[in-house]
Amino acid sequence: MNSHPSNGTPQAVDFAPLGHVGADVEPHTPGRTVDLVQLLLTHWHKLFVGFGVGLVAGVAFYTYAGHRYDATTRILVSRLASTPLQEEGAMTFGERAEHVELIKSDVIVRRAVDQAKLTELPTLAKSDEPVRDVIEGLKVKRTAGQDQSFLNFFEISYQSASKQDAAAVVAAVVEAYKDYLAETREAQSQEILNLIRDAEGKLQHEIDQLKQDYQAFRKSSPILFHNPVGNPAGIAGATITPPNHYLAAVDQLYLEQRENRKRRTSIQAQLDVLQAMLQEGESPKAIEQYVLMAMAQRGSSGEGGASNPLLSVNPAKDRLDARLLEARMQEANLIHHLGANHPEVEKLRRSIRGLQDAYAAEGLQPPTFDQFTRPDEVLPNDRDGVDLAGVYKKYLEEQLRQLDLGDRSIERQLTEAIAQAKQHAEYEVIDKQLSDELQRKQALWDGIVSKLNLVDFTKKQTGYRMTQVSDILVELAFKRVIKIIGAFGLLGLLGVFGWQYFCEWRDTTLRSLSEVSRVTESKIVGIVPHFAADATSDNRPCGLSSRLRYHHRPGSREAEAYRSVRTALFLNADKQGHRVIQVTSAEPHDGKSTTVANLAIAVAQSGKRVLLIDGDLRRPSLHELFGLSLDVGLADVLQHELEWINAVRPTAIDRLSILTAGRIPENPAELLSTSGVPSILEAARHEFDYVFVDSPPLLAVSDPCIISPHTDGVLLVIRMHKNGRPALVRAKEMLDAHGITLYGIVANDVGKTDGGDLEAYAEYYSGSDANHSWTGRTSGSASALTTGPRSA
């Protein structure tokens with residue numbers, strides 16, 4: 001719905017639910033909507049009659065259908081006191097709003113029909129489906145309370161043609177619902193109790209199975225598990241897990257590996273220093289001094305014996321290596337000074353053999369010192385005694401070899417320890433999951449057992465109680481009377497409105513000036529009101545027809561309308577030097593001949609010399625308006641029977657001459673196509689101030705398009721309430737296709753069906769005579785020139 005405001009006038013409400021008016025007739029033309037306000041104002045009496053007829057029909061229908069009675073009562077549905085189970089959410093009934101649907105359900109109604117034998121009632125005795133009939137007539141609504149409140153009031157009503165039957169049905173439904181609540185309370189509680197017991201049994205079975213699975217897992221696990229050591233801090237639910245000895249073994253192996261690397265670094269550093277001193281040729285005394293200092297430093301720092309980091313692979317071997325080194329060095333010195341067979345040497349050798357037995361007892365391999373086994377050799381850097389540098393170097397190299405063996409052993413042990421730690425971690429996760437699941441199931445079982453005991457205790461304290469709080473009241477269904485009569489009245493009103501709207505929607509005739517302007521996109525240069533010809537005045541001595549209103553009634557509104565067309569024509573034609581004007585229409589009987597005749601008189605009386613040519617060689621009419629014969633005319637001139645100037649005849653109007661059509665030829669189109677037409681018009685242009693050519697309708701024949709190229713422009717005459725929009729659009733398209741200049745539109749016969757528009761015409765023409773043109777957008781009273789219930 002669109003609202004089109006206009007200056008000084010109320011807003012028009014337009015409506016077109018079926019689409020733009022006329023779009024189905026002419027798809028390329030602009031659509032037009034229906035003005036609902038104008039439609040209602042125009043056909044209000046028909047709408048009133050339709051409404052009255054609908055009311056009468058409603059009364060007749062109600063009389064035929066008979067009276068209906070409503071039986072009504074009220075019930076109170078209260079929830080019993082809340083129990084701990086209800087507070088936890090275990091409700092045995094739904095919200096109170098569900099009672100409405102439950103009362104109207106097949107279960108309750110069928111129970112009421114069976115218990116009260118409602119099928120024996122007169123109104124239900126012949127029913128094939130009494131339950132369905134009762135449900136359709138039954139109404140239930142909640143009048144007070146909310147879903148979460150303890151008390152809720154419901155109104156139950158039933159409509160029937162019998163007072164007794166209506167009351168019986170309501171009483172039966174109330175009693176049936178009361179019995180239903182009482183019977184289902186125990187059943188629902190027992191159902192919940194059975195469900196909880198079933199759940200408890202299933203859960204107990206799951207717990208037993210889970211315990212068996214957990215014990216089987218603990219027995220089959222290759223990993224040694226430690227039980228939790230308890231909760232010494234007293235924290236609820238907390239336990240202390242013992243340390244993982246597999247991870248402790250991995251940490252110990254990593255520690256030994258780091259210690260061996262430190263020993264290797266220290267031994268390698270001493271070996272590098274000793275080799276550098278030998279290569280640089282240091283004196284034997286200096287080298288011996290370095291070796292003794294290194295040994296002394298080892299002893300003072302605790303590195304000798306069981307804790308020597310340079311010689312230690314394990315504590316037992318470290319102690320034995322230190323003692324064996326010292327004994328070998330003493331043996332070498334004694335052999336050098338005392339000889340190999342000296343008793344002191346033999347004594348020392350027995351000590352050495354004791355040390356070697358100690359190596360064997362510990363399962364260790366003693367180091368070898370070749371320097372001590374060949375006392376007859378003397379190194380170059382030690383002429384006076386044992387080669388201490390060589391002995392110490394050999395000892396350090398032996399220590400590095402022992403460290404390499406130790407590293408490989410640690411790597412192997414570390415790989416095995418890591419694998420065992422990972423396996424232990426996986427089994428710990430599985431053990432934790434099984435343990436947690438067992439605890440969760442146990443907690444759930446404890447809760448179910450608690451609820452089971454609670455339900456068994458409170459099963460008689462759940463549900464709702466129903467009480468009838470008012471007697472059954474039976475009264476005439478007055479609302480039904482209003483609904484039936486009002487509905488029929490509304491149907492009558494809508495029927496008339498729909499028919500009138502459809503008629504308006506299908507009607508494509510021009511009904512308003514703004515619509516004409518919008519469809520043609522051209523200005524309206526004249527608005528000629530409707531007038532009726534006076535047949536008695538046609539017999540006047542002057543012979544002029546009464547339709548020549550400008551001559552007979554120069555002060556009338558029609559004459560003022562033609563005067564307005566003359567003014568607009570002067571403004572448009574004089575500026576461009578146009579003198580030859582063609583006047584035509586879209587269809588026959590639009591009043592083009594009457595319009596051009598009155599316009600020619602108006603121009604002539606303004607002091608111009610005017611020639612009026614009747615170019616309609618098929619149905620000429622100008623000779624009748626001026627009381628002339630058709631003996632000589634345009635057809636004779638075009639057939640070269642005489643000169644055009646000789647065929648021109650004067651009229652009773654000063655300075656107005658006419659060239660009638662003459663005798664009607666058999667081939668008017670071919671005759672107009674000859675060279676005679678342009679020569680006649682060109683000659684007349686020089687003899688007269690204005691030349692008006694009355695041509696046939698555009699959509700009827702091709703004659704107007706033959707004449708138009710030889711004229712300066714065209715005035716298009718339309719008849720309101722007759723011409724349709726498609727016809728007007730096609731006429732405009734034809735003019736545009738031939739490149740014809742259109743001065744404007746002359747709207748003829750305006751106000752034919754609405755005499756109230758005449759005052760608007762008078763006000764429109766009462767202004768100055770400067771430029772009366774209608775564009776469909778002017779303000780004031782001119783905007784009110786619409787003659788039907790539709791507007792653009």
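The values are calculated or read from the model by the stated rules, or taken from the named source; none is laboratory data. Predicted model only: the values in this text are computed from it and were never measured. Neighbour counts are summed over all protein chains in view; Cβ atoms, including those assigned to glycine, are modelled from backbone coordinates with ideal geometry. What goes into the accessible areas is simple: the full protein's heavy atoms, side chains included, and nothing from ligands, DNA or RNA. Shrake-Rupley method; radii C 1.70, N 1.55, O 1.52, S 1.80 Å.
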Handout entry: 3J(HN,Hα) from dihedral phi, segment 660-677, Karplus parametrisation 6.51/-1.76/1.60, rounded to Hz, x for glycine, proline
Key = 6, 6, x, 5, 5, x, 7, 10, x, 5, 5, 5, 6, 7, 6, 6, x, 4
Completion exercise
Phi angles of segment 100-113, converted by Karplus (6.51 cos²θ - 1.76 cosθ + 1.60, θ = phi - 60°) into ³J(HN,Hα) in whole Hz with x for Gly and Pro, give 4, 6, 5, 4, 8, 7, 4, 4, 6, 5, 5, 4, 5, 4
Exercise for the section: Within 10 Å, count the other beta carbons around each residue, average over each peptide in 586-595, 487-496, 340-349, and list them highest first. Expected result: 586-595, 487-496, 340-349
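Provide the convex hull volume over Cα atoms per residue for segment 639-688, in Å³.
85 Å³
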Exercise for the section: Compute the distance in nm between two label points, each set 7 Å from the Cα along the Cα-to-Cβ direction, one at Glu280 and one at Gln576. Expected result: 12.4 nm
Practice task
Check the straight Cα-Cα distances from Lys211 and name the lysines below 23 Å, setting aside those fewer than 8 residues away within the same chain.
Solution key: Lys202, Lys219, Lys432, Lys441
Practice task
Please find the FRET efficiency linking Asp272 to Arg350, where r is the Cβ-Cβ separation and R0 is fixed at 35 Å, and quote it to the nearest 0.05.
Solution key: 0.40
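For segment 589-642, what ratio Rg/Rh do Cα atoms give with a Kirkwood hydrodynamic radius? Kindly include the intermediate steps, with their values, before the conclusion.
On the way: Rg = 12.3 Å, Rh = 12.4 Å.
Ratio of gyration radius to Kirkwood radius for segment 589-642: 1.00.
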Handout entry: Eligible lysines near Lys46 by straight Cα distance, threshold 26 Å, same-chain separation 8 or greater
Key = Lys483, Lys722, Lys752
Handout entry: Stretch gain in nm, segment Leu102-Leu438, where the contour uses 0.36 nm per residue and the Cα spacing is subtracted
Key = 116.6 nm
Practice task
Just subtract the alpha-carbon distance of Lys178 and Glu259 from 0.36 nm times their residue separation and send over the number in nm, one decimal.
Solution key: 20.1 nm
Exercise for the section: Would you please give the FRET efficiency between Arg197 and Lys139, computed as 1/(1 + (r/R0)^6) with r the Cβ-Cβ distance and R0 = 35 Å, to the nearest 0.05? Expected result: 0.25
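Given the Cα-Cα distance of Lys422 and Leu40 and 0.36 nm per residue of separation, how much length would full extension add, in nm? Show your work: numbers first, answer last.
Details: separation 382, 0.36 × 382 = 137.52 nm, distance 9.30 nm.
Roughly 128.2 nm would be gained on extension.
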Problem - Computed over segment 566-618, the ratio Rg/Rh where both radii use C-alpha atoms and Rh is Kirkwood - result: 0.97
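What does the charge count around Glu558 come to, taking other residues whose C-beta lies under 12 Å from its C-beta (Lys +1, Arg +1, Asp -1, Glu -1)?
Details: positive: Arg547, Arg549, Arg553, Arg557, Arg563; negative: Glu560, Asp749.
Overall, the nearby charge balance is +3.
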Exercise for the section: Find the accessible area per residue for segment 676-717; the probe is 1.4 Å, ligands and nucleic acids are left out, and the unit is Å². Expected result: 28 Å²
Exercise for the section: First select every other residue whose beta carbon is under 11 angstrom from the beta carbon of Ser470; then total the charges, Lys and Arg +1, Asp and Glu -1. Expected result: -1
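For segment 506-635, give the percent of accessible area contributed by carbon and sulfur heavy atoms, probe 1.4 Å, rounded to a whole number.
The C+S portion of the solvent-accessible surface of segment 506-635 is 45 percent.
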